[in-house]
Number of protein chains: 2
Amino acid sequence: MSGDRRVRRTRRLIQEALVALILEKGYEAVTVTDVIERADVGRSTFYSHFTDKHDVLLSNLDDHDFLRPAPDSGGGLFAFSLPMFEHARERGRLVRALLGRRGGGPLLAHGERLLAEIVRRELLAAGARPSGALDLLVVCVVGAYMGLLRAWVDGETAASPAELDATFRTAVEPGVRALIDGDVPYPHGRDE
Amino acid sequence: MSGDRRVRRTRRLIQEALVALILEKGYEAVTVTDVIERADVGRSTFYSHFTDKHDVLLSNLDDHDFLRPAPDSGGGLFAFSLPMFEHARERGRLVRALLGRRGGGPLLAHGERLLAEIVRRELLAAGARPSGALDLLVVCVVGAYMGLLRAWVDGETAASPAELDATFRTAVEPGVRALIDGDVPYPHGRDE
DNA sequence: TTCGATAACGAACAGAATGTTCTGGAGGAC
DNA sequence: GTCCTCCAGAACATTCTGTTCGTTATCGAA
């Protein structure tokens, strides 16, 4: 544990307060004033640690590495899928607060970018060639995955990680494989 | 044209001002004060027509039917895809303002629900059976489609509607077809 | 235990935004 | 032309933001 105990305490109180409030009212509705009251922390203290609400959210992202499971690229295509769903279930409360619709989705964009990078690397490793078409394919795959993740986070489904993973793979893998193996930039269109 | 001319004029000025401002600063950053200044309209006038910013956004949705192309279910699977991309391109400015990340995504959720209903109907028509697995599949498909739409709206790709459509179909159709024809609720898991 | 550094308190502040209310005046419908 | 509706404009209470500053308490190291 590094740093002053007071600093750790204050930061933790603020982070926890924000998460709790997001779960109650949704991200947009939470004000800085709410947070400092809940955390029982002085106003100036808040601003000496964070620049604003959003900053607190990002700090949560750093402290818990909650969207970076991808232990190793051991398995085949989309190896990230199952571990990521499971990781999300373990950290249920936090993930729900930060990634769900109530979280206002400011982190969804961040998560999508992260995932897009992972997917892109996997597809390249699987033999795809860099192109505008590949980028679009990545968007498709990420969209499908995040759709499932969000549906679970928002409680729209009671499916298990295994079932979510199965749905994802079955829906997306055949098309992706065909596209990679065929190695056609655009199926019916021009490249770029 | 119904109603008082002054009313029409005022409402139109406010709607146009909001769209313009969203394109400049993004939805979140636009204030009611900005809007009434741009529209050159009194403050009380604004609140006599709309309850808030979001209300203006919704009124835009009603006036232009910008996310309801789906002319008829003529073609095969995913018949909505190409017409919808084209429709989006035609209304470029407005769609960019309302659906893009700059639009804050308050309407993305609405669009997703709409699209989910369309996709669900198509899959049922194609022979799928209602189940929890089907709902998850719909989420996947919608996620992939909206991902592409958003990528285009946000200017991340210069692809044409035809190319977007092709990518979508090629990525998603094989898996969906296999799932429907096989008619297996969950590939490797339990139902519900 | 002591002591210097530093973090937190808390109150106050300017600035901006929201949403309401009122009065007088202008524009449109008929 | 008349009457009624809508609009302008200003003022207002309220809420939130982000900053400042003097005081107090807490920490870590010697």
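The values are calculated or read from the model by the stated rules, or taken from the named source; none is laboratory data. Model, not experiment: these values are computed from the prediction. Quick reminder, even Gly has a Cβ in these numbers, built from the backbone with ideal geometry, and neighbours come from all protein chains shown. The protein model used for the area step is the full one, side chains on, heavy atoms only, and it has no ligands, DNA or RNA in it. Shrake-Rupley method; radii C 1.70, N 1.55, O 1.52, S 1.80 Å.
Tell me, which residue of the stretch B:97-111 that is at pLDDT below 70 and farther than 17 Å from B:THR157 by Cβ is least open to solvent (accessible area, probe 1.4 Å)?
Here the residue is B:GLY103.
Kindly indicate the residue of the stretch A:156-181 that is of a type in the set (Gly, Ala, Ser) and open to solvent by 50 Å² or more (accessible area, probe 1.4 Å) and also farthest from B:THR170 (Cα to Cα) among those meeting that condition.
Per the criteria, the residue is A:ALA158.
State whether one or more residues within the stretch B:24-31 are touching a residue at least 40 places away in the same chain (Cβ under 8 Å), touching a Lys or Arg at 6+ places or on another chain (Cβ under 7 Å) and open to solvent by less than 40 Å² (accessible area, probe 1.4 Å).
For the stretch B:24-31, residues touching a residue at least 40 places away in the same chain (Cβ under 8 Å), touching a Lys or Arg at 6+ places or on another chain (Cβ under 7 Å) and open to solvent by less than 40 Å² (accessible area, probe 1.4 Å): present.
Out of everything in the stretch B:3-33 that is over 15 Å from B:ASP55 (Cβ atoms) and within 14 Å of another protein chain (Cβ to nearest Cβ), what residue ends up being nearest to DNA strand C (Cβ to nearest atom)?
Among those residues, the one meeting the criterion is B:ALA29.
Looking only at the stretch B:6-22, count every residue that is away from DNA strand D (no atom under 12 Å from the Cβ) and surrounded by fewer than 16 Cβ atoms within 10 Å (Cβ to Cβ) and tell me the total.
Number satisfying all stated conditions: 1.
Which residues, taken from the stretch A:147-171, are at the interface with chain B (Cβ under 7 Å from one of its Cβ atoms) and in contact with a Gly (Cβ under 6 Å, 6 or more places away or on another chain)?
A:GLY147, A:ALA162, A:GLU163, A:ALA166, A:THR170, A:ALA171
Taking the condition of being touching a residue at least 24 places away in the same chain (Cβ under 8 Å) and either part of a helix (DSSP H, G or I) or surrounded by fewer than 19 Cβ atoms within 10 Å (Cβ to Cβ) (or both), how many residues in the stretch A:122-142 meet it?
Of the residues in the stretch A:122-142, 13 are touching a residue at least 24 places away in the same chain (Cβ under 8 Å) and either part of a helix (DSSP H, G or I) or surrounded by fewer than 19 Cβ atoms within 10 Å (Cβ to Cβ) (or both).
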